[in-house]
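Here's the structure we're looking at; comments come further down.
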Amino acid sequence: MQDLGLSHLWAQGDFVMRATAIILLVMSLASWIVILTKAWDLVRLKKMAQGAEKRFWHSDDFDHALETLGSSESNPFRTLALTGKEAAQHHRASQPQLHDVMDISDWLTRSLKSAIDEAVSRMQSGLAILASVGSTAPFVGLFGTVWGIYHALIGIGASGVPTIDKVAGPVGEALIMTAFGLAVAIPAVLGYNALTRGNKAVISKLNRFAHDLHAYFVTGARVRPTGARVADDNAVRLAVKN
């Protein structure tokens with residue numbers, strides 16, 4: 001029994017058993033690389049989103065507002081602002097073309113939506129790897145277990161000594177593959193859920209920012225919350241009474 005363990009399982013395993021272990025190792029490395037890199041990107045995006053709208057809309061002019069968003073090309077809020085500005089200028093300054101038939105509101109909506117789709121695509125890149133690892137790793141580990149038990153039982157039968165100590169060791173070694181499969185799948189599933197939830201929060205802020213940009217380029221004013229409009233109306237009424 002002292003000879004049993006991971007080293008013994010690897011030494012006594014055949015090509016299929018070793019290939020299964022290597023596949024699980026590669027899946028684990030890939031999932032952890034995706035989790036760490038996307039988690040870092042998510043933290044960076046949340047820092048960009050934190051206070052971005054407030055700083056932008058409290059600026060004196062549009063150029064100064066862009067400066068508040070930084071100079072990073074990977075900032076989706078800056079990309080949205082530039083996309084909206086370029087779309088509005090292009091629509092107003094272009095010669096008669098097919099897209100000129102479209103209303104400026106529709107043209108801006110299309111341009112901003114395209115920018116948001118690109119940002120969302122970059123944010124969700126790599127998550128498919130986590131979903132695939134989380135759904136397949138347990139079955140890969142189970143396959144290794146079944147294959148190991150099969151060969152262990154064949155070896156025990158050939159030896160002609162089917163005692164409990166001869167059965168428990170090889171079968172227990174084979175069951176390790178199932179544990180490996182779960183150890184690979186659980187972090188992938190948890191990482192996928194956490195990253196998806198974090199991305200949804202950033203996407204919600206992007207949509208709100210794009211809605212305000214759309215209103216600004218069409219009407220020249222940002223859409224304000226209902227409470228702010230009501231407060232302004234009340235202030236106007238009081239000023240008229242006085």
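If packing is taken as the average count of other Cβ atoms within 10 Å, what order do 186-195, 61-70 fall into, highest mean first?
On the way: 186-195: 17.8, 61-70: 14.0.
Top of the packing list down: 186-195, 61-70.
Less than 13 Å Cβ to Cβ from Lys47, Lys/Arg counted +1 and Asp/Glu -1: what total charge do the surrounding residues give? Spell out each step's value before the answer.
Working: positive: Arg44, Lys46, Arg55, Lys205; negative: Asp41.
Summing Lys/Arg as +1 and Asp/Glu as -1 gives +3.
What is the calculated FRET efficiency for Val26 to Asn207, with r their C-beta to C-beta distance and R₀ = 30 Å, to the nearest 0.05? Please list the in-between numbers first.
Values: r = 37 Å, r/R0 = 1.23.
Between Val26 and Asn207 the formula returns 0.25.
Just so you know, all these numbers are worked out from the coordinates, no wet-lab data involved. Worth saying up front: this structure is predicted, and the values here are computed from it rather than measured. We place every Cβ from the backbone using ideal geometry, glycine too, and count neighbours over all the protein chains shown.
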